[in-house]
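Got a structure for you, written out below as structure tokens; questions coming shortly.
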Amino acid sequence: MSEKITFLKEKVLSGARVKLEEAKCLLEVTDVETPFLFVSAYEIRRKFLGKNVELCAIANARSGACTENCAYCAQSSFHKAKIPVYPLLKADEIFKRAKRAREIGAGYFCIVTSGKKIKEGKDFQEILKAISKIRSKLKINVDASLGELTLKQAKALKNAGLLRYNHNLETAQSLYSKVCTTHTYSDRLKTIENIKKAGLELCSGGIFGMGESARQRLELLFALRDLSPHCIPINFLNPIQGTKFQNRKPLAPLEFLKIIAVARFLFPRQEIKACGGREANLRSLQPLLFLAGANSIIIGDYLTTKGNLPQYDLQMIRDMGLKIN
């Protein structure tokens, strides 16, 4: 199998694409071969992206009371998770959080809101105001994840200074109805179409460990490859008490790392970002996410859960011989 991994690594390094059945072989490597898979993914990452690591901080700008029933989400009104619930933060408060993100070294700051969408009106204008202020006063790229978007909204966000928009596919289309029924996979694709039409960078990935099969993991990754996102966030299900998936058994750390490595074979030039659940799921193996091919992480806290202390992640990056972009 090591010969097959080497063959596929060289194929990617030469500019060719890995096919579905080839990716399936990579995902099925044995424990003995897994370290070799990681090193090969790291070689791909080093050739195309060097030793730089992107840091992204996120702000939960509107929390809870979401009308959608996504089975993993603590912010859904269908669930009973104990989380803070509050309306949209004011632009000045969002700016303060962006300033703190820049101070800890983040190059990207993502404004996230709960709910299916941000309606036209006061809230949307407040977000535009926040983006404009951040871009005019801070040296940080602004990202947003506000749910479904019209093309008009996407263009307005870009004009305000937004660089990138996050809208994950979440999981394979064949599994989607078991994760969410209040909106469809096609709805997500429509928003992604509007993001791209408006000229925004696309940030789109998913959550792994929600009961999907190995084939469905690849189904998601190949669907993402068809969309050509600039950034692929890889989230690890962190079962939260009070959600539908509260009793879902997490995958083993090495399984998550294999998913990152296979993603690097499929996305040699794109930013692969290890996101929610990495601390709880990878535990002591967190530094290996860089060896497995990731070149970006969320720094600081998440939407409703705590992350590592920023100084811990910064030291981890230095210890791996990498540098912050």
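The values are calculated or read from the model by the stated rules, or taken from the named source; none is laboratory data. What you see is a predicted model, and the numbers here were worked out from it, not measured in a lab. All Cβ positions, even for glycine, are placed from backbone atoms using ideal geometry, and neighbour counts span all protein chains on display. Remember, those area values only see protein heavy atoms, side chains included, never the ligands or the DNA or RNA. Shrake-Rupley method; radii C 1.70, N 1.55, O 1.52, S 1.80 Å.
So for the stretch 225-232 (the condition being at negative phi and in a strand (DSSP E or B)), does at least one residue qualify?
yes
Please tell me if Y42 is closer than 28 Å to N247 by Cα and either open to solvent by 20 Å² or more (accessible area, probe 1.4 Å) or not hydroxyl-bearing (S, T, Y) (or both).
Working: closer than 28 Å to N247 by Cα: no; either open to solvent by 20 Å² or more (accessible area, probe 1.4 Å) or not hydroxyl-bearing (S, T, Y) (or both): yes.
Spelling it out, it is not the case that Y42 is closer than 28 Å to N247 by Cα and either open to solvent by 20 Å² or more (accessible area, probe 1.4 Å) or not hydroxyl-bearing (S, T, Y) (or both).
Inspect all residues belonging to the stretch 286-299 and state whether any of them is farther than 25 Å from E10 by Cβ and open to solvent by 20 Å² or more (accessible area, probe 1.4 Å).
yes
Any idea how many residues of the stretch 290-305 are farther than 26 Å from S114 by Cβ, out of contact with any helix residue (DSSP H, G or I) (no Cβ under 6 Å at 6 or more places or on another chain) and not aromatic (F, W, Y)?
Total satisfying the criteria: 0.
Return the only residue of K249, K258 being under 27 Å from T34 (Cα atoms), free of Cβ contacts under 8 Å to residues at least 40 places away in the same chain and among the basic types (K, R).
Checking each option against the conditions leaves just K249.
Test T150 against the stated conditions and say whether it is in contact (Cβ under 8 Å) with a residue 12 or more places away in the chain, touching a Lys or Arg at 6+ places or on another chain (Cβ under 8 Å), open to solvent by 20 Å² or more (accessible area, probe 1.4 Å) and more than 26 Å from L314 (Cβ to Cβ). Show your work before the answer.
Details: in contact (Cβ under 8 Å) with a residue 12 or more places away in the chain: yes; touching a Lys or Arg at 6+ places or on another chain (Cβ under 8 Å): no; open to solvent by 20 Å² or more (accessible area, probe 1.4 Å): yes; more than 26 Å from L314 (Cβ to Cβ): yes.
So T150 does not fit the description; no.
Here's a follow-up. Identify, please: which residue in the stretch 58-79 is touching a Phe, Trp or Tyr at 6+ places or on another chain (Cβ under 6 Å) and not polar (S, T, N, Q) and is, among those, least open to solvent (accessible area, probe 1.4 Å)? Let's see the steps before the verdict.
Taking the stretch 58-79 and keeping what is touching a Phe, Trp or Tyr at 6+ places or on another chain (Cβ under 6 Å), we get 63, 69, 71-72.
Pick out the ones that are also not polar (S, T, N, Q) and you get 71-72.
Working: A71: 1, Y72: 41 Å².
Only one residue tops the list, namely A71.
List every residue pair whose Cβ atoms sit under 7 Å apart, with the two residues 6 or more apart in sequence or on different chains, where the first one lies in the stretch 274-303 and is farther than 19 Å from R318 by Cα and among the acidic types (D, E) and the second, anywhere, is assigned to a loop (DSSP other than H, G, I, E, B) and open to solvent by less than 50 Å² (accessible area, probe 1.4 Å).
From residues that are farther than 19 Å from R318 by Cα and among the acidic types (D, E), the pairs are D301/G307.
Restricting attention to the stretch 241-261, and to residues there that are under 24 Å from S296 (Cα atoms) and of a type in the set (V, I, T), which single residue is surrounded by the most Cβ atoms within 10 Å (Cβ to Cβ)?
By that ranking, first place goes to I260.
Moving on. Being touching a His at 6+ places or on another chain (Cβ under 9 Å) and touching a residue at least 60 places away in the same chain (Cβ under 8 Å) is the filter; apply it to the stretch 223-246 and report the residue that is farthest from L26 (Cα to Cα). Break it down into steps so the answer makes sense when it comes.
Filtering the stretch 223-246 for residues touching a His at 6+ places or on another chain (Cβ under 9 Å) gives 240, 242-244, 246.
Those still in the list that are touching a residue at least 60 places away in the same chain (Cβ under 8 Å) too: 240, 242-244.
Working: I240: 30, G242: 35, T243: 32, K244: 31 Å.
That would be G242.
Sticking with this structure for a sec: How many residues does the stretch 208-222 contain that are touching a residue at least 40 places away in the same chain (Cβ under 8 Å) and either open to solvent by 10 Å² or more (accessible area, probe 1.4 Å) or among the polar types (S, T, N, Q) (or both)?
Residues flagged as touching a residue at least 40 places away in the same chain (Cβ under 8 Å) and either open to solvent by 10 Å² or more (accessible area, probe 1.4 Å) or among the polar types (S, T, N, Q) (or both) within the stretch 208-222 amount to 7.
Scan the stretch 246-263 for residues that are at pLDDT below 95, within 26 Å of Q75 (Cβ to Cβ) and not polar (S, T, N, Q) and jot them down.
R248, K249, P250, L251, listed by residue number.
Another one. Among the candidates R135, R62, R100, which residue alone is of a type in the set (D, E, K, R), touching a strand residue (DSSP E or B) at 6+ places or on another chain (Cβ under 7 Å) and not in a strand (DSSP E or B)?
Answer to the check: R135.
So that you can scan it fast, the table gives a plain yes or no per residue for (1) open to solvent by less than 30 Å² (accessible area, probe 1.4 Å); (2) basic (K, R); (3) in contact with a Ser or Thr (Cβ under 9 Å, 6 or more places away or on another chain):
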| residue | (1), (2), (3) |
| --- | --- |
| R97 | no, yes, no |
| C110 | yes, no, yes |
| T113 | yes, no, yes |
| K137 | no, yes, no |
| S177 | no, no, yes |
| S186 | no, no, no |
| T191 | yes, no, yes |
| K196 | no, yes, yes |
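Follow-up question, since we're still on this one. Out of L89, L37, L128, which single residue is farther than 17 Å from L162 by Cα, open to solvent by 10 Å² or more (accessible area, probe 1.4 Å) and either outside any strand (DSSP E or B) or in contact with a Lys or Arg (Cβ under 9 Å, 6 or more places away or on another chain) (or both)?
Among L89, L37, L128, only L89 is farther than 17 Å from L162 by Cα, open to solvent by 10 Å² or more (accessible area, probe 1.4 Å) and either outside any strand (DSSP E or B) or in contact with a Lys or Arg (Cβ under 9 Å, 6 or more places away or on another chain) (or both).
Now a separate question. Would you check if I44 is under 24 Å from L257 (Cβ atoms), in contact (Cβ under 8 Å) with a residue 60 or more places away in the chain and assigned to a helix (DSSP H, G or I)?
yes
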